[in-house]
Amino acid sequence: MTVISTNTPTPELQALDAAHHMHPFTHGAGLNAKGARVITRAEGCWLTDSDGNRILDGMAGLWCVNIGYGRTELADAAHRQMQELPFYNTFFMTTHVPAIRLAAKLADLAPGELNHVFFAGSGSEANDTNLRMVRTYWAEKGQPERQTVISRWNAYHGSSVGSGSLGGMKGMHAQGGMPIPGIAHIDQPDWWSEGGDMSPEEFGLSRARLLEDKILELGPETVAAFIAEPIQGAGGVIIPPDSYWPEIQRIVDKYGILLIADEVICGFGRTGSWFGSQTLGIRPDIMTIAKGLSSGYQPIGGSIVSDAVAEVIADTEFNHGYTYSGHPVACAVALENLRILEDEAILDRVRNDTGPYLREKFESLTDHPLVGEARIVGMMGSIALTPDAAARAPFASEAGTVGLICRERCFANNLVMRHVGDRMIISPPLVISHEEIDTLIARARLSLDETLSKLRAEGLMQAG
Ligand code: PXG
């Protein structure tokens, strides 16, 4: 068999990829006909592909490479840990130093009474843990009828059967027997698309009160928890109106329902604080973590759990766990990532320097004829593309048609900017510099210009 390496010609790599590699969330035949882009190296905020193009990564991989690529300290931490103890489990009355250190560190960083960590290999696994944990909590509290978890349409909580059911992606629910029973969904606080004539504040309150309506409809004695991302990520970076979260907190407190904040994207500095819950003033009982915990250098996730919940769970044998719960190499790498975030004051930079700088530039894109709103918190932002900003109108073409055109233009201009429907998303590494922000905005503007020309030429600049 021929040796495959980064020196193998791109068409050959693409042909082998098409022949053997099944990609997530991808129309396989379509991709195979076109050929996947092959990424070979990365440094800082820059990717290199197999044709030698240098691409600015406006998505931090998949919302995760918070400290940027190429930090050899993390490679060294993995190397040291692999030599000392590459694996041991945490199941049968055993533990190890990396898991102890990381759990203690996370308890220290997490707000309030969140002092206990259940490790997983990913965000999906962690949300499966949460689903079972909140139901077990209520069963142990003598209220076993409290089984239902309320979530939101267009939420993303993972892709396993449990976490995908918790999520509110209708396209996912249409395949493979989801959602599982015991999960209910309410509408999201997306004022731009769904707010109609209401002010953002009125709309935020009305969407939060859907939670109370749903609790009363189901019966408060049957509801275990509410799960939500502080700011929806994969749903399109939907930043809720300011009135939303305080009202949600009031409602979960009133009915004694557990609040799960899914911090998989918002955590570890993405919003300028350690956790999105702090930026948005939320007091969760459980936080889901993954992605930025290790800056994506190792697969690791988990649940940070309050004293009150952990105390009840500790009173029973919780029959749940993963081979790689608290994997020592992943824990060692996560610890080194957290050290860098702290020692280099990266959150402080996002909050006081690069975040405000990016915000000013990003919001200035609203002067572009294709752009409706452009909103950003910390280092996660999105642009609503529209043929008529004043009317907040969608395009006449099928949702996502224009977003896809714009994403293609971004790719052609060596910028990774993702589309969700007709929204364009950025979530760059937190270490992005002023100069790189200028490049990002310049490439985004050029891509918007090219998209507009194409839409005009093809008669797609039509409101639906
Ligand atoms: N919760 C949230 C809020 C997420 O964003 C998960 C859970 C699941 O994590 P794992 O590690 O199991 O993937 C996520 C993941 C996208 C995209 O296209 C977003 C995610 C994953 C894949 C694609 O924006 N988020």
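The values are calculated or read from the model by the stated rules, or taken from the named source; none is laboratory data. Remember, it's a predicted structure, so these values are computed and weren't measured experimentally. Note that we place each Cβ from the backbone using ideal geometry, even for glycine, and neighbour counts take in every protein chain shown. What goes into the accessible areas is simple: the full protein's heavy atoms, side chains included, and nothing from ligands, DNA or RNA. Shrake-Rupley method; radii C 1.70, N 1.55, O 1.52, S 1.80 Å.
Observations on the structure shown:
- Selection count, region 114-135, where residues are closer than 21 Å to L293 by Cα, open to solvent by 50 Å² or more (accessible area, probe 1.4 Å) and part of a helix (DSSP H, G or I): 1
- Top-ranked residue in region 246-264 [being in contact with a Leu (Cβ under 8 Å, 6 or more places away or on another chain) and open to solvent by 10 Å² or more (accessible area, probe 1.4 Å); ranked as nearest to S199 (Cα to Cα)]: E247
- If you check A75, A36, A18 for being within 16 Å of the ligand (Cβ to nearest atom), outside any strand (DSSP E or B) and in contact with a helix residue (DSSP H, G or I) (Cβ under 9 Å, 6 or more places away or on another chain), only one passes: A36.
- Of note, G61 does not satisfy the criterion of being within 22 Å of the chain's Cα centre (by Cα) and over 20 Å from H419 (Cβ atoms).
- Whenever a residue of region 347-368 is over 16 Å from S447 (Cβ atoms) and assigned to a helix (DSSP H, G or I), it has no partner that is open to solvent by less than 60 Å² (accessible area, probe 1.4 Å) and polar (S, T, N, Q) lying with C-beta atoms less than 6 angstrom away and at least six residues away or across chains.
- On the stretch given as region 423-436, residues that are crowded, with 19+ Cβ neighbours inside 10 Å and either of a type in the set (S, T, Y) or more than 15 Å from the ligand (Cβ to nearest atom) (or both) total 6.
- Verdict on L102 being touching a residue at least 40 places away in the same chain (Cβ under 8 Å), open to solvent by less than 70 Å² (accessible area, probe 1.4 Å) and either touching a strand residue (DSSP E or B) at 6+ places or on another chain (Cβ under 6 Å) or closer than 29 Å to G269 by Cα (or both): yes
- Those residues of region 136-156 which are without any contact (Cβ under 8 Å) to a residue 60 or more places away in the chain, away from the ligand (no atom under 16 Å from the Cβ) and open to solvent by 60 Å² or more (accessible area, probe 1.4 Å), in sequence order: P144
- Any pair with Cβ under 8 angstrom, 6 or more apart, that starts in region 453-464 at a residue that is under 12 Å from L370 (Cα atoms) and ends at one that is of a type in the set (D, E) and modelled with pLDDT of 95 or more: A463/D388
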